[in-house]
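Chemist: A single structure is presented below for examination.
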Amino acid sequence: MNDTNAGRRRLLGGLAAATALPFAGIPAASTGSAAAGKERTLSKDARVGIAIVGLGGYGALALERLSQSKIARPAAIVSRSREKALQAADRYGIPADAVHGYDDYARIAGDQRIDAVHICLPVGLHAEHGLRALAAGKHVLCEKPLAATVGEAEKLATAAERAGRVLMPAYRAWFSDPVQDAIGRIRQGTHGRLVSIDAHKGFPMALPAGNWRFDPALAGGGCLLDIGLYSLQLQRWFAGGLPLAVRAVARRGDDPRYAHVESHIAWVAEFAGGVLATGSASWHYRNQNRVRIGLESAWLDIDPATPAMGERVRIGLDAPPRIEEPQFPLRDQILRMYDAFAEACLGRSEVPVPASEGIADLRMAEMVYRAAFG
């Protein structure tokens, strides 16, 4: 445990006690709605030009999805490998002079084709590159978590507010129809009071030693920040705030890859109204991606819970006892996320997922880590 504690310090240091936040999706004035009411540099008829920052596995996927948007478009690529970036640029019709390196943010500032950036870098680099993009006058969409620490995330939110630019965590699960349906059922009391939330996310880790996910300086944490964030955010969204108390256990296992980061973690959290939430994140067990919501007169399963599309929902009901399987349109969450982000950049809508959501996830992660490691 002591070895792993060293990897937690960046997250735990200097964090304030967690307090309840506004319901997910409603911008908090000081932490997420930076663009609201601010001057725009974009024409309302424009397509928002987005630079993909980081061309790893997810960056390549994001570029492919972005190319399908009718509101946004891939405008540039920022990558360490110019050769790889040029190949991708040619595939998506991006000019060669719109391919930049990580030391080229001065060029980004003057590139009028770029309105926003999507940061797809290791977690420990999110704050640095987000601040540089905001200083360059660009809107920022940032992969989860928003930063490695609450303090870094708050600096990003403050910088976005001052710059009058959108800062949005790339929480594609917010654009899931089944997730929104579940939130609506809970808020409306369709099946009575919310009682429990059980959420788990895991897969067998196959990446080799040396990958950035095993370096606390780049990852911020282990499996909790990598994949457990999905379970944390579902629990917060369904419960409507942050937990009041958390208990947790964690392990590394014997694999040397996990010398400084946790590879399995589980928690029990108590939310307002007596709602109990259990959850886990793991790089050990067979693929799991599920959530079960316990209500007074029903249970609701989403399994898989947070794929990019293709969620399956089952609802257990009484009188008469039955299981229903509501059907939802097959809609790509990543593409919907890009469209919603672009609408906010254009000033046509509020930021759908404000920066306060990213800060709240980090606050809950801090509570879990503190409960597990002290």
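The values are calculated or read from the model by the stated rules, or taken from the named source; none is laboratory data. Fair warning: this is a prediction, and the values are worked out from it, not measured in the lab. Backbone-built Cβ (ideal geometry, glycine too); neighbour counts: all protein chains shown. Keep in mind that these areas ignore ligands, DNA and RNA; they rest on the heavy atoms of the full protein, side chains included. Shrake-Rupley method; radii C 1.70, N 1.55, O 1.52, S 1.80 Å.
Chemist: Could you list log10 I(q)/I(0) for the stretch 271-347 at q = 0.13, 0.17, 0.26 Å⁻¹, which the Debye formula gives when each Cα is one point scatterer?
Modeler: Result of the Debye calculation: -0.63, -0.92, -1.16.
Chemist: Now, a different point. Sort Arg292, Arg314, Arg91 by heavy-atom solvent-accessible area, probe 1.4 angstrom, most to least. All intermediate terms of the calculation are to be shown ahead of the outcome.
Modeler: Details: Arg292 95, Arg314 70, Arg91 155 Å².
So the residues, ranked largest to smallest area, are Arg91, Arg292, Arg314.
Chemist: What is the angle, in °, between the Cα long axis of helix 333-345 and the longest principal axis of the Cα atoms in the chain? Nearest 10 is fine, range 0 to 90.
Modeler: Result, in degrees: 60.
Chemist: With N residues in the stretch 202-252, what two-decimal value do you get for its Cα radius of gyration over 2.2 N^0.38 Å?
Modeler: Rounded to two decimals, the normalised Rg is 1.36.
Chemist: Turning to a different aspect of this structure: Could you state the number of Å between the C-alpha centres of the stretch 49-118 and the stretch 246-309?
Modeler: Taking the Cα centre of the stretch 49-118 as reference, the centre of the stretch 246-309 is 34 Å away.
Chemist: A follow-up question, please. For the stretch 50-128, rounded, prolate or oblate, judged on the Cα gyration tensor with a ≥ b ≥ c (square roots of eigenvalues), a/c < 1.5 rounded, else prolate if a/b > b/c?
Modeler: rounded
Chemist: In the stretch 143-175, whose amide N lies under 20 Å from the spot 7 Å out along Cα-to-Cβ of Leu330? List them in ranges.
Modeler: 173, 175
Chemist: Obtain the nm distance between the two label points defined at Arg80 and Glu270 by a simple spin-label model: each point lies 7 Å from its Cα along the Cα-to-C-beta direction.
Modeler: 4.6
Chemist: At 7 Å along the Cα-to-beta-carbon direction for both Asp255 and Arg193, put a label point, then send me their distance in nm to one decimal.
Modeler: Label at Asp255, label at Arg193, 4.2 nm between them.
Chemist: Efficiency by 1/(1 + (r/R0)^6): what FRET value for Arg370 and Ser349, r their Cβ-Cβ distance, R0 = 30 Å, to the nearest 0.05?
Modeler: Numbers: r = 36 Å, r/R0 = 1.21.
The formula returns an efficiency of 0.25 here.
Chemist: Using only Cα atoms, find the angle between the long axis of helix 150-163 and the longest principal axis of the chain, and express it within 0 to 90 degrees, rounded to the nearest 10.
Modeler: Roughly 50 degrees, rounded to the nearest 10.
Chemist: Please provide three numbers in whole Å: the alpha-carbon extents of the stretch 250-313 along the principal axes, with the largest listed first.
Modeler: Rounded to whole Å, the extents work out to 46, 31, 15 Å.
Chemist: Rounded to the nearest 500, what is the chain's calculated 222 nm mean residue ellipticity when only DSSP H runs of at least 4 contribute -39500 (n - 2.57) each, over all residues?
Modeler: Counting only the DSSP helices, I get -9500 deg cm²/dmol.
Chemist: While we're looking at this one, here's another question. Taking the convex hull of the alpha carbon atoms in the stretch 169-236, what volume per residue do you get, in Å³?
Modeler: 113
Chemist: Taking the Cα centre of the chain as the origin and placing charges on Cβ (Lys, Arg +1; Asp, Glu -1), which of Met309, His139, Val353 is farthest toward the positive end of the dipole?
Modeler: My answer, from the dipole projection, is His139.
Chemist: Give the average over all directions of the projected area of the C-alpha convex hull of the stretch 115-260, one decimal, in nm².
Modeler: Convex hull of Cα atoms, orientation-averaged projection: 10.9 nm².
Chemist: Are there trypsin sites (Lys or Arg not before Pro) in the stretch 102-167 that DSSP marks as loop and that have at most 12 other Cβ atoms within 10 Å, and which are they?
Modeler: none
Chemist: Which order do Tyr285, Tyr58 take by accessible area at a 1.4 Å probe, largest first?
Modeler: From most exposed to least exposed: Tyr58, Tyr285.
Chemist: Return the Rg/Rh value of the stretch 51-208, two decimal places, where both radii are evaluated on C-alpha atoms and Rh is the Kirkwood radius.
Modeler: Numbers: Rg = 18.1 Å, Rh = 17.4 Å.
Here Rg/Rh amounts to 1.04.
Chemist: Which trypsin sites (Lys or Arg not before Pro) in the stretch 167-269 sit in a loop by DSSP (not H, G, I, E or B) and have at most 16 other Cβ atoms within 10 Å of their own Cβ? The partial results should precede the final answer.
Modeler: On the way: sites: Arg172, Arg185, Arg187, Arg193, Lys201, Arg213, Arg236, Arg247, Arg251, Arg252, Arg257; in loops: Arg193, Arg252.
Passing both the DSSP loop test and the Cβ count: Arg193.
Chemist: While we're here: Using a 1.4 angstrom probe with every protein chain in place, what is the largest-first accessible-area order of Val48, Val195?
Modeler: Val195, Val48
Chemist: Per the Kirkwood definition applied to all pairs of different Cα atoms, how many angstroms is the hydrodynamic radius of the chain?
Modeler: Values: mean 1/r = 0.0475 Å⁻¹.
Evaluated on the chain, it is 21.0 Å.
Chemist: Relative to the longest principal Cα axis of the chain, at what angle does helix 82-91 sit, 0 to 90 degrees, rounded to 10?
Modeler: In the chain, helix 82-91 runs at an angle near 90 degrees to the longest axis.
Chemist: Based on the mean of other beta carbon atoms within 10 Å per residue, what is the order of 122-128, 305-311, 64-70, most packed first?
Modeler: Ranking the peptides 122-128, 305-311, 64-70 by packing returns 122-128, 305-311, 64-70.
Chemist: Figure the gain on full extension for Asp103 and Arg47 (residue separation times 0.36 nm, minus the Cα-Cα span) and round it to one decimal in nm.
Modeler: Details: separation 56, 0.36 × 56 = 20.16 nm, distance 2.62 nm.
Extra length available between Asp103 and Arg47 comes to 17.5 nm.
Chemist: Can you give me the distance in nm between label points at Ala319 and Leu207, each placed 7 Å from the Cα along the Cα-to-Cβ direction?
Modeler: Result: 5.0 nm between the two label points.
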